Amino acid sequence: MATRHDRKVSILDVMGPVMVGPSSSHTAGTARLGRVAREILDEDPVEVRFILHPPLAATYRGHGSDFALVGGSIGLNVDDPRIPEAIRIAEQMGVEIVFTEEDLGDVHPNTVRIEIRGKSREAEITGSSIGGGVIEVFNLNGFQTRFKGDSPTLLLFYRDRPGMISEVTRIIAEEGINIASLYCSRKQRGKDAFMQIDVDSPLGHEALARICAVGDVAEAKYLDRIP
Amino acid sequence: MIESFKQLEELGRDRDLADVFLETDEQEHGIAKADILLALTRRRAVMRDCVERGKGGGLSMGKLVGDEAKKLNEAFLAGKTFLDPLTVKAELYALSVMGENSRMGVIVAAPTAGAGGVVPGMLLALEEERNIDPEKTVRALVVAGGIGSIIALSANISGAAGGCQNEVGVASSMGAAAVAYMMDGSTRQSIQAAALALKNTLGLVCDPVGGLVEVPCVKRNALFAVHGLTAAQLALAGVESVIPMDEVVEAMVRIGRALPRGLKETAEGGLATTATGCAIGSRLKDEANQRRADRAAERERLAQERKASTH
């Protein structure tokens, strides 16, 4: 039997989360996916499009995934009792919500692509809710990634060039912070690139400012653990 | 990191199983033991609240379930139940939690929401009936979570991935190990309890009527809470599974892959496509369409209001 080390989950992941019912994969996990999109956008959304993989499209409504996805995308946590009212709240906020269906390929049944747009920017993620509230985001603004939202994470968008990884990781090391995992991908050599750094302890404002100041960094985003 | 139940048995020989899991989790995930125990103390309290709220019953979102816990509670209080109190309470508490879940109440996913009644049903009933210190129940939740985390290394804990064996089956397996622990069983007995419980849920499909976590989920949690208790009883008496736990999990993964898509949470097979299941499914679809239409009207009304206020 193959043991998949990327499936490591903690006791608290298994015996949890504390959440609004009725389904951890359809309510808690999807709320967290919505929340990831909201955190990456980092401003109030104006429009959110949820593109559902067919098995999820067949089941999402009965399980309250629509409330949960929308709730997460407007910043509600999985244990927020307002989740059942999320769609109404979003409408009152003036957020345009669209649900559509599309075959997203050879992926977990509960997979969704979220296209979220605010006043000044937009973001896009594709991820799966794999059960028990655990998520895996594998595409972020067009870059391959492996984001689970279970630790503090630095997301870095930059122009691909030699030395970038060492410059960034040096700053993190100087802050005395341990890196748990690092993942890089790029669209083309020497062009747009992306780095995801999961860290063991929170990254301060100062460290983030120093990383933003590194040459060729387009954007640095720091996400806390997604509750 | 503990990669298999074989390894767990070696690590946990003559040791407190909760301590083994707490140490491993602290190393792996950097969460201090005290913080894990604190979080689980709160989660036990959420489970307890669920049980109290749920006993009163109330109609579910899909209106398919609602008064199961209330009925059993009334029969129990009136002295009209024939099973022993531990068994009745395990059923009752599982039904209560699942009732709350079906009304979009706040619950603990253990390991999932749809299987969230099994573990609290077993553990809270045992705690009450055998006067076990709640702190021991919290440590038993560590054991349950630890067992689940090893299963999760090779299996997706979701009905969509492998059917209900991956949810209620896994929950009863986790709960059985935790019950053996609460009854002062050895590490080996906990693992055996987990294996016996899981083995006898293999092949259980996920075929929810109308796609809701209501039928058969709510009552199934009650029945499999009892199933887990009986597995723990056998293990504590020294009965062992011929097939080791690691291989039972392997079998579960293979069976889950072999199950057709229609029996993995899609509501396109099994109970969901019986005559009654289909009738309920189409009624739910009609109601959902009505709600969508109502929401569109509401949106329109709000837009008109905004327009009027800008003039």
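Every number in this text was worked out from the coordinates using simple rules, so none of it is lab data. Please read these numbers as outputs of a predicted model, since none were measured by experiment. Glycine also receives a Cβ, built like all others from the backbone with ideal geometry; neighbour counts cover every protein chain displayed.
Ranked from largest, the principal axis spans of the Cα set of the stretch A:162-210 equal 32, 19, 16 Å.
With only the Cα atoms considered, chain A has a convex hull volume of 138 Å³ per residue.
Sequence-ordered 3J(HN,Hα) estimates for the stretch B:86-103 from the Karplus curve with 6.51, -1.76 and 1.60 and θ = phi - 60° stand at 4, 5, 4, 5, 4, 5, 4, 5, 5, 4, 4, 4, 5, x, 4, 4, 6, 9 Hz, glycine and proline given as x.
Sparsely packed loop sites in the stretch A:108-158 (the trypsin sites (Lys or Arg not before Pro) outside DSSP H, G, I, E and B with at most 11 other Cβ atoms within 10 Å) comprise A:119. Cβ-to-Cβ counts within 10 Å put A:114, B:107 in ascending order as A:114, B:107, the fewest first.
Here is the list for the stretch B:1-91: GluC sites (Glu not before Pro) lying in DSSP coil, each with at most 16 other C-beta atoms within 10 angstrom of its C-beta, are B:3.
Of interest is the spacing of the C-alpha centroids, which for the stretch A:138-188 and the stretch A:53-107 amounts to 29 Å. Set against the 2.2 N^0.38 Å expectation for a compact globular protein, the stretch A:73-184 has a Cα radius of gyration ratio of 1.31.
I need the trypsin sites (Lys or Arg not before Pro) found in the stretch B:84-171, filtered to DSSP loop residues with at most 14 other beta carbons within 10 Å of theirs.
B:130
Residues B:158, A:10 in ascending order of nearby Cβ atoms (within 10 Å, fewest first): A:10, B:158.
Within the shell defined by Cβ-Cβ distances under 15 Å, the residues around residue B:13 carry a net charge of -3, with Lys and Arg each +1 and Asp and Glu each -1. Here the convex hull built on the C-alpha positions of the stretch B:5-273 has a volume of 117 cubic angstrom per residue. Using the alpha carbons alone, the radius of gyration of the stretch A:38-105 stands to its Kirkwood radius in an Rg to Rh ratio of 0.96. Summarised in one figure, the compactness ratio Rg/Rh of the stretch B:220-311, Cα atoms and Kirkwood Rh, is 1.32. Shape summary: the stretch B:172-221 maps onto an equivalent ellipsoid whose semi-axes, from the alpha-carbon gyration tensor, are 28, 12, 5 Å in decreasing order. Any idea what % of Cα-Cα pairs in the stretch A:143-227 are farther than 16 Å? So the portion of pairs separated by more than 16 Å is 47 percent. Which net charge results when you count Lys and Arg as +1 and Asp and Glu as -1 among the other residues whose beta-carbon is under 12 Å from that of residue B:117? Here the charged neighbours net out to -2. For the residue pairs B:264/B:285; A:8/B:33; A:8/B:55, alpha carbon separations beyond 28 Å are given by A:8/B:55.
Neighbours of residue B:1, meaning other residues whose beta-carbon lies under 9 angstrom from its beta-carbon, give a summed charge of -1 when Lys and Arg score +1 and Asp and Glu score -1. Computed from the C-alpha gyration tensor, the three semi-axes of the ellipsoid equivalent to the stretch A:11-141 are 20, 17, 14 Å, from longest to shortest. Residue order for B:133, A:13, fewest other beta carbons within 10 angstrom first, comes to B:133, A:13. Computed over the protein assembly as shown, the alpha-carbon pair-distance distribution with 10 angstrom bins reads 4, 19, 28, 25, 16, 7, 1, 0, 0, each value a whole percent.
Relative to one another, the C-alpha centroids of the stretch B:121-194 and the stretch B:257-271 are positioned 26 Å apart. The share of Cα pairs per 5 Å bin across the stretch B:7-64, counted from zero up to the longest distance, runs 4, 15, 15, 14, 14, 10, 9, 9, 8, 2 percent.
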